[in-house]
Amino acid sequence: MRTTRRVLAAVLAASALVAVAGCTAGTTSAGGTRADTIIFGKSDGGTTYVRNYNVLGPATEKAPNAELIYEPLARIDYANGAVVEPWLADSLDFDESGTRLTIDIRDDVTFSDGEALTADDVAYSLSLPLERPELNLAGVTYAGVEKVDDDTVQVSFDEPSFAALNQFASSSLPMVPEHIWKDQDLTTWTNPDPVGTGPFTLDAFAPQQVTLKARDDYWGGKLPMAYMKILATSGETVKAQLLRGDVDWAPVGWPNAEEEFVAQSPETNLYQLYATGGAYSMMYNTAQAPFDDVNVRRAFAMSIPRSDITATLNRPGTEAGPTGLVDQIYSDWIAPEYQGMVQEVDASAAVEALAASGYAVVDGALVKDGKTFTPRLSFNQDFGWNAYADIMINSWKKVLGVTVAPAGAPGATLYDQQKTGDFDLTIATTGGAGVYGVYSFLDSRYAEPLGTAAATNIGRWNDAETDQVLAEMTRAADEATMKDLGMQMQRIVVDEVPFSPLYNSYWFVDVNASHWKGWPTPEDFDAVPFPSLGPDTIRTLLSLTPAS
């Protein structure tokens, strides 16, 4: 875990391709022709965009795909066990104690205004979440940042933190130009004309379409397309756009995609799933009643019909195990007693757990000590989760007699509610780089008071045993120790139910390859071709070639 991880420039150079020289017949639009433009149908960001590229600011609504303009120091290699690899960094090396991380910076990176990325920019970017806690969207755990020389920065931790490398791969911890950002009020500035190290600049911005222009001096190589268009669309609309070839690329779950999409043109229509290593999970607001009671959480967890949910999503067999670790990536790390385990509805055990909590059910409400609670289930309407929210609500009513109110909201609104703790039950993704990355959000250091935005611990989990195990995980310098601690965390998750995994999380990738070919496949990939994964998205774009 302490060995140097280097990204060889030759790898990127080999995958970089010459831009399209000519134009073939196609639909023309502002910012390029169809022949030199790749079109991404964004179906999970609402119907309009806000021109806000302040990627660290507190505003909820941000411009789409800013991670193609602003890049992190590292990336997560999902093709290789979700290990952390350098990106803008040339290497990331811990000392023997695990309390000091030396970051060597690539010497060939420039911002889009021509200024070189320096140690000053890196030190400034890494210091922002320390000096301005309200900007700590990545939930950083380091304590200090120091410039060593023009090419090197050192980051210090209060405790050994070998497992904390994943935070440097977060899109919420990008490297920004000090010469521009230092003079701004970062709580109100919208950064309308972003300058970053990524392969694109902003060419045109409209509420329903953003056009990015490829740089010709990007450190990773020359992109094969001149423009990338990001269209605001919906899950249903984008399916028709993909079938017509109006959109090249979209991230949408598509029940019956094999028949409705792939079979229409097997050579060009691709529908792919990539395991994220995490799960969609039920999150409990443990900072307030009734979900501060473990028996209430157990009762609700044992009443969730996971197989019905995956059947509704047309994804049978993807029910999540109780640990939150996905077999495809973490099979060697899952405790033996949880291998292949999926929690089925256990009505009698659920009723017993609720009785043990001291709560009674009166007219569908939970009642205890003269107080009445009617829980709400918050979920993302943009993702079409109404159907499986209803499945859980109906099951809780049938098994426990508890009436849970549906509280669907658009994605931006839901994320704000989740961060501030304005929910009882909510659906969110859990996962990360490595076993520690999956569970690190449960650290009580990230548990903000209700009403204050939390970076990661939206359920406000505060447990001394959890904190102790996570602290030991950050200090672990060998795999055997990390595995043992990971299994301890699994038992805490199963027994104490800080969250309940529902079904395994996948990145859905829909492609119409009529205009661009060379897409990775789940059987052969070194980068996940998902449109909002930053470095992986960039590697995917570099690998493409014009189809004609």
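The values are calculated or read from the model by the stated rules, or taken from the named source; none is laboratory data. Here the structure is a predicted model, which is why all the values come from computation and not from measurement. Cβ placement follows ideal geometry from the backbone for every residue including glycine, while neighbour counts extend to all protein chains displayed.
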Those residues of the range 312-342 that are in contact with a Leu (Cβ under 9 Å, 6 or more places away or on another chain), part of a loop (DSSP other than H, G, I, E, B) and within 27 Å of residue 401 (Cα to Cα) come to a total of 1
Can you name every one of the strands (runs of 3 or more DSSP E) wholly within the range 344-423 that holds 2 or more residues which are on the phi < 0 side of the Ramachandran plot and buried (at least 21 other Cβ atoms within 10 Å of the Cβ)? 376-380
Please indicate, with yes or no, whether at least one residue in the range 45-66 is part of a helix (DSSP H, G or I) and modelled with pLDDT of 65 or more. yes
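Going by the conditions given, is residue 286 within 30 Å of residue 445 (Cα to Cα) and in contact with an Asp or Glu (Cβ under 7 Å, 6 or more places away or on another chain)? Let's see the steps before the verdict.
On the way: within 30 Å of residue 445 (Cα to Cα): yes; in contact with an Asp or Glu (Cβ under 7 Å, 6 or more places away or on another chain): yes.
Yes: the conditions hold for residue 286.
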Considering only the range 411-434, state which residues are closer than 17 Å to residue 496 by Cβ and within 18 Å of the chain's Cα centre (by Cα). 430
Condition first: of a type outside the set (Lys, Arg) and assigned to a helix (DSSP H, G or I). Can you find one or more residues in the range 446-461 that meet it? yes
Taking the range 417-448 and keeping only residues that are out of contact with any strand residue (DSSP E or B) (no Cβ under 9 Å at 6 or more places or on another chain), over 22 Å from residue 76 (Cβ atoms) and in contact (Cβ under 8 Å) with a residue 60 or more places away in the chain, one is left with 421, 447
Any residue at all in the range 289-311 that is in a helix (DSSP H, G or I), assigned by TED's automatic domain parsing to the domain that holds residue 378, among the hydroxyl-bearing types (Ser, Thr, Tyr) and touching a residue at least 60 places away in the same chain (Cβ under 8 Å)? yes
Given (1) under 22 Å from the mean Cα position of the chain (by Cα); (2) surrounded by fewer than 21 Cβ atoms within 10 Å (Cβ to Cβ), identify the lone condition not met by residue 502. (2)
